[in-house]
Structure formats: C-alpha cells, structure tokens
Number of protein chains: 2
Amino acid sequence: MKERRLLMIPGPIEFTDEVLDEMSKPTLSHLDPAFIEEFGQALEKMRRVWLAPHGQPFAVAGSGTLAMELAAANITEPGDNVLVVHTGYFSDRMADIFRLHGANVDIVPSAVGDLPGPEAIRAQLKAKKYKALSVTHVDTSTGVRADVKNLAAAARETGALVVVDGVCAVAGEELRMEDWGVDIALTASQKAIGVPPGLALLVASEKALAAFNARKTPVRAYYCDWQYWLPVMQAYEARKPAYFGTPPVNLVRALNVSLAQILIEGIDARFMRHARNARAFRAGLSAIGLTYVPVREELYANTLTAAYYPEGVDAGLLSRIAEEGVVLAGGLHPSIKTKYFRIGHMGMSDASEILATLGAIERGLAKSGYAFDAGAAVAAAQAVYKKL
Amino acid sequence: MKERRLLMIPGPIEFTDEVLDEMSKPTLSHLDPAFIEEFGQALEKMRRVWLAPHGQPFAVAGSGTLAMELAAANITEPGDNVLVVHTGYFSDRMADIFRLHGANVDIVPSAVGDLPGPEAIRAQLKAKKYKALSVTHVDTSTGVRADVKNLAAAARETGALVVVDGVCAVAGEELRMEDWGVDIALTASQKAIGVPPGLALLVASEKALAAFNARKTPVRAYYCDWQYWLPVMQAYEARKPAYFGTPPVNLVRALNVSLAQILIEGIDARFMRHARNARAFRAGLSAIGLTYVPVREELYANTLTAAYYPEGVDAGLLSRIAEEGVVLAGGLHPSIKTKYFRIGHMGMSDASEILATLGAIERGLAKSGYAFDAGAAVAAAQAVYKKL
C-alpha cells in the first residue's frame, strides 16, 4: 500500500518533482551571484505570470496573510476609505487588516456563497471617495470567484486603487493585471504558483507605488514596509546584492523553477487547463448529486470547489476519502463549517488527478452509505475531457 | 573541480543532509495528523533548546527581522519606555522596530566593536521605569557578544522585560532562557538552528505573555499579532488542527529534524563545541596577524568572527577566497563596511570546516599579496583542537 496520498486541498497543493528537488539543494548565500541571478529571474517571471509588464514584484518570506498585509499596510493611511467586496472568510480578513492600518472600511455584503451584485458595488463606489477597492478573487473559504475584470473597471472610473487578493487564484484563474487595471495582486507560494508554503508574493502597479510614495504617515508594520523591500527587489532584478532580511533562498529558487514551468506551459494555456479541470471535476460531482457552496455557476472558481456533503453524510467522509488515498479539506467558513468540504484543483493537477480524486470521493461516499450510481462521477469527468 | 563551495557566512549556514532531504519531501497538508505531530514535536523541542521549560514557542514563516517584530510589537504599547543596549546594526534595527510600535526608546551607546559598560546600563535601568530591556546577543554586523546573563539579572531587578535578539546566537551561544530570566529570545532558522531561511522563531516567557495579555491597545501589525498565533501554536502542541496562516510545512519539518539533531548532541555539548571552534578559528587568524572588530576578547562571539582586512588587502579578498572554495561575508556595519569581513562558524561546522576555511583564507591572502607564514593559521587552529 502506498503511504503517499494525493494532496487535493486548496493549498498546499501537489508540487512538481523539479520544484521539490530545488528545495533540498544546498543553500546558497543570499548574496551569491548565482542566487542573485535566480532571484532576479524569478522577479522578472512574476511580472510575466501576473501579466503586468510595468508592475513591481515583491517576494518575501511569509504566508498569504503576510501578502495581504504587504498590500494593505503600504497603501492605507489613517482615515482612508476602503471598500471591501464581501466573499467570505478571507474578505473579512482583508477588511480587518485594512482597519488595523487605519482605514475606514465599508463592506458590500453578500450571503454565504454569493457575491454582492455589481450594481451595488458600483453604487457604493460612487457614494464616497474610496482610496481602494479590495476584491478576493477566489475566496478559499467558499470557492466563490469574483468578476475582477469588471469590478476593476468600475473602481478605476472612480480613481480607487484595485487590490486583488489572489491567494487562491494567481496563475490559475484568468488575471490580466495591467489590462484590467489591477493595482495590487497578491498570492502565496503554495497555491496555483506551485511552490511549498513560505513565500508571500505580490505585484504592485505604478499607481500603487505612487500612492505609497505619496504617503504622509509611516507604514505601521516594519516587516511589511515597502520602503525596505523595494530597494532589495530592485537590486536583485538589477543583479546587484542588497539586504534587508535574509530571503528564503531555497523557496526563492523553487519559485524560479515553478514560474519557468508555468511560462513554458503558457499563461493562457494554463488558465484554460484550470477551467477544463474545474469543469470536468464538477461534472463528476454533479453526476452523483452533489451541490456547491457558490450559489450560481458563474461564481464557480477554477482553482477550488466547495461542495456540500450530501444528505446523511458528515465530515467523517474526509477521513474515508483519505483512506482511499486523497487528502481533501474541510469547511472553513464559520457559518457552514461542518456542512461542506473543499477540493483544490490547481497548479500541476490535470485529468489524472481529477479522476483519482473523483474516484476516491465515490469510494468514500459509498463507505458513508450514500446511494449513487457507482462510476458516474469519473465517467462524467472523463466525458468532459473527451470532448476537448 | 567542485562546483560546490563551503558556506561560512553568518547565515545561511551549511545544513545537514538530513535537514536538506526533509525540505524536498512532498508537502503534507498543514492539517495532516502526521504534520500536526511533527509541528507539535518541533515546538516542544524549541522549548528544550531554548532551555525554557515554561516558555511559549512560536514558529512563523518569515525572516529574523519578522522575529524581531514578533517580539517588539506584542509587548510594546504607545508610550512604553524601552532601553536598547547598543551593539551595532541590529541593535539599531531593534530600536527602530520598538519605536515604530510606539515605544520611547533610549539607547545606551557604545563605539563600533564595543558594548556599553554594565554600570552604564544598570544606571540607566534605574533612571527611568522601563517596560523592556533589549539586548542583541551577538550582533551579526560586528561579531560583538553581549553578556546576556548579567544584563538580564540587572533588568529583572527593575521589573523590565528582557528581550534577547538571538538571531546569531540561539543554539550556538550559551543561553539559559529561564535560569537567566530572559522573557523573549528570538532567532531565525538559517543561523545556528540549522534550517534553511524562512522561519522566524521565538520563545516567550510567562511574564512576556502576561504583558501581552495586559495590553490596553491593539498590536499594530496584523501578521505579528500573538492573538492569532498563540492559539495555533497551542493547538499544534496539543496535537489538534488549527489555522491562522498556512505554516511553511517543509521548513517546519526540517526544523523538527534539525532540533532533534541539536538535542542528540546535547545543548551544553553544542555550546562547548561552538566555543572550541571559535577559539580554534581565531587562533588561526591571529597567527597570521589578523585583528578583530570586537575590541576585547570577552566580546568575541562563538558563532561569528568579524575580522579586519590586513594592511594592503581589500574586499577583493573575498572573491579570492571564494575561488578557493569557501564563501565568506563582507562587512555590514555602515561605518566600517569596506574594512572588515565576517565568517560564520555555527551549526554543524566543526574542525574540518574551520580548517578548510582557514586554508582558503590563507590562500586568498597569499594571492592578495599579504605576507605571512604559510600554514601558520591552520597549524594554530589544529593546535587548539589537539589540546582538547
């Protein structure tokens, strides 16, 4: 029996062998010319993956939550108005971080699994002068995906900065940072970027940097302050040594490898692959009667599915699926936590992982006493792949 | 010719094969029972390595600078008085972080390579009511080591919390956190702890947690706030799942392996080995006429040596030494940056690495035109090892 299980949670995900091999290479000095070259390359590649030719990339040791604070702390000054689009647990967290850094936060509310309507957001954007609009691209807690393109367009009309928490999205969901006028797009390494956890990643637009440069008050968090990181990122890209904090050398080298793999696939091909995997996966779940936390199909994410346990099945399902070789995640949104589970399908995962996951879910459901047409999930997914 | 060079800088250091192998293991879910067990073990081992049986360990994705802010941000409230012992670049940074979090910072000054006298520190501690005394155990910029034991005793008499920046010290220099009455001792993974960079590590005393719990104002930095991390650390130690930010799974597993290796050696044996290596290394450098940034022998650190380039030799020496197979670090303290270099001798390094390093330094100096008795450095170091 294999000890190793397939990791299909919304991060950390499965990583490629090349990325994992990079992790265990003897650590170079952070000022070694070879590492400076690799860090410089990684920053350049971030710009290409984010589709932000004029963006300023940052890669800092930390989790996705640090990336959220790296965004909010640097563009917020006390008294600024910030509008947060409510999507779930992570939009609430973003609101908390903006508030801590002095913002007056307004939230456009929505029910669990839903998004506020674009009209409500547009109306609120016009009702007050906002420094920034904050959108969680895919809320990891609900699997709800926001329409970043149109929300960004609405915000730009009002002059507000557009901050996208792309933790469960960047390099999986379509994001055209510069075309869409997004000012900050952030993520964490262990999601669709395909690198073990420990790197907070962010790209800032020229407009975001201008807002930072125009600050009248100091940034409140030392480790988050762009004034320290900006010269370091610029130096590495110019292939010059610089120091603020020791970069996580092994993770940065792994990032460089993963970004190269992403660019070899091609960012558009990657978006399409994620969309196809998501379609196939949900065709499978739907075929055996499961339903989703997002309330409408247009809200379904390509990186993550949040599905309700069917009638008569509880969270014990997850350990049965784990016994079948696939690790999935439980609920996270406090109001429905015990009623649903989450499956990540991002990064390198493809038809093989999707079918393996659906197979394990079928076997787990069968062991849980749920009645369904055995094989229907894998067959339905396979039908989606055949069509293409 | 070997491509691989020996990394003898003050972090990242050389890591053991077992630690590096752990880095590339397929990433587990942060909620996988196997990972919960390993994280829990790592936290328990931190308490043993810090010699703090009642301490509360924290391990968070980030650099040593984050560890510094994880200390300062949680115990400082606006208007608190904090006294900083001046040691160099890193005590200045600690002062900046305390200030950002609202402290009125007083600094007991010293010249480069020196420490303020204990009488001056004692007098200042009595002159005002201080919330905390901050001491950099070994300042990575100068190789100056502070007498933490006696400074902590002086601070305790006044009721001040004792914060030790142990980034270049913990698990290398003698630190008996609980016996000495230290309230926070922090470090980064890539130093004497022996894990690739990316983990900020800290142990807080019961008194430090009490000060945190008695806060009347919120912590100003979200990612640093113990209110979020404390329940997570407590849960992992209780072998229960918890979430705030995704832990850097591969680094935490590597930490668990490295801490096990440290405890197998024994913490006292490890302190003595570091002291012996430092003695042997400096016997070598002294035998060929080099002098040190710390102005007195009692200030010499066991983890790091900061030595002046000899007359007629400049920073070009470092690339010549690198060509000979050993990577060393340049100066960091702004006022003497181009005049000295730094050698880390911590973690797994022993007689073999010390001799290899001294040999490369000799050959580099010879290529730089410096006149000395060839072989004198390695012979002097070897004599120290022979005596033991």
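Say a label goes 7 Å from Cα toward Cβ at B:TYR243 in every copy; what distances in nm does this one have to the rest, shortest first?
With the label placed 7 Å along Cα→Cβ, B:TYR243 yields 3.8 nm.
Could you give the distance between the Cα centres of segment A:60-100 and segment B:151-204, to the whole Å?
31
Sort B:120-131, A:135-146 by the packing proxy (mean of other Cβ within 10 Å over each peptide's residues), most packed first.
Top of the packing list down: A:135-146, B:120-131.
Along the Cα→Cβ direction, 7 angstrom out, place labels at B:ALA238 and B:ASN104. What is the inter-label distance in nm?
About 4.1 nm separates the two model spin labels.
Of A:ALA315, A:ALA42, A:ALA208, which has the largest mean-square fluctuation in a 10 Å C-alpha GNM of chain A?
Of A:ALA315, A:ALA42, A:ALA208, the Gaussian network model singles out A:ALA315 as fluctuating most.
Under 17 Å Cα-Cα from B:LYS25, which aspartates and glutamates qualify once same-chain neighbours fewer than 8 residues away are excluded?
Candidates past the 8-residue exclusion: A:GLU3, A:GLU14, A:ASP17, A:GLU18, A:ASP21, A:GLU22, B:ASP17, B:GLU37, B:GLU38.
Sort shortest first the distances from A:GLY117 to its counterpart in every other copy, using label points 7 Å along the Cα-to-beta-carbon line, and give them in nm.
Spelled out, the distances from A:GLY117's label point are 7.8 nm.
To make sure I understand the rule: partners must be lysines, Cα under 17 Å from the Cα of A:LYS216, and not fewer than 8 residues away in the same chain. Which ones qualify?
Within reach: A:LYS131, A:LYS207.
Using the number of other C-beta atoms within 10 angstrom as an exposure proxy, rank A:LYS2, B:LYS367 with the fewest first.
Fewest-to-most ranking of A:LYS2, B:LYS367: A:LYS2, B:LYS367.
Using the crude model of +1 on Lys and Arg Cβ and -1 on Asp and Glu Cβ, and no other charge, please compute the dipole size for segment B:232-285 relative to its Cα centre, in debye to 20.
The calculated dipole for segment B:232-285 is roughly 180 debye.
Counting other beta carbons within 10 Å of each residue's own, what order do A:ASP32, A:ASP165, A:ASP96, A:ASP314 fall into, fewest first?
A:ASP314, A:ASP96, A:ASP32, A:ASP165
Counting only other chains, what is the mean number of Cβ atoms within 10 angstrom of the Cβ of each residue in peptide A:63-74?
Rounded to a whole number, the mean comes out at 4.
Once fully extended, how much extra length lies between B:ARG215 and B:ALA123, figured as 0.36 nm per residue of separation less the alpha-carbon to alpha-carbon distance?
30.4 nm
Projected onto the charge dipole of the protein assembly as shown (+1 at Lys/Arg Cβ, -1 at Asp/Glu Cβ, origin at the Cα centre), which of A:ASN256, A:GLN56, A:SER110 gives the Cα projection farthest towards the positive end?
So the residue furthest toward the plus end is A:SER110.
Just to confirm the numbers: B:THR338, label point 7 angstrom along the Cα-Cβ line, distances to the other copies in nm, shortest first?
6.9
Per residue of B:6-15, what is the mean number of Cβ atoms on other protein chains within 10 angstrom of that residue's Cβ?
Across B:6-15, the average partner-chain Cβ count within 10 Å equals 4.
Cut-off is 10 Å between beta-carbons; in what order do A:SER189, B:SER134 appear when sorted fewest neighbours first?
The order, fewest Cβ neighbours first, is B:SER134, A:SER189.
Averaged across the residues of B:87-99, what count of C-beta atoms belonging to other chains lies within 10 Å of each residue's C-beta?
1
Among B:TYR89, B:ALA242, B:ALA171, whose Cα projects farthest towards the positive end of the dipole of the protein assembly as shown, with charges put on the beta-carbon of Lys, Arg (+1) and Asp, Glu (-1)?
B:TYR89
When a/c reaches 1.5 or more, the comparison of a/b and b/c decides; with that in mind, is segment A:209-285 rounded, prolate or oblate per its Cα gyration tensor?
prolate
Pick out which of B:ARG253, B:ARG282, B:ARG93 has the largest mean-square fluctuation in a Gaussian network model of chain B, springs linking Cα atoms closer than 10 Å.
It is B:ARG93.
What lysines does B:LYS339 reach when the alpha-carbon gap must be under 27 Å and sequence neighbours fewer than 8 apart in one chain are set aside?
List returned: A:LYS240, B:LYS191, B:LYS367.
Readers should treat all values here as calculations from the given coordinates under stated rules, not as data from a laboratory. Because the structure is a prediction, the values reported are computed rather than measured. Cβ sites come from the backbone with ideal geometry, for glycine too, and all protein chains shown count toward neighbours.
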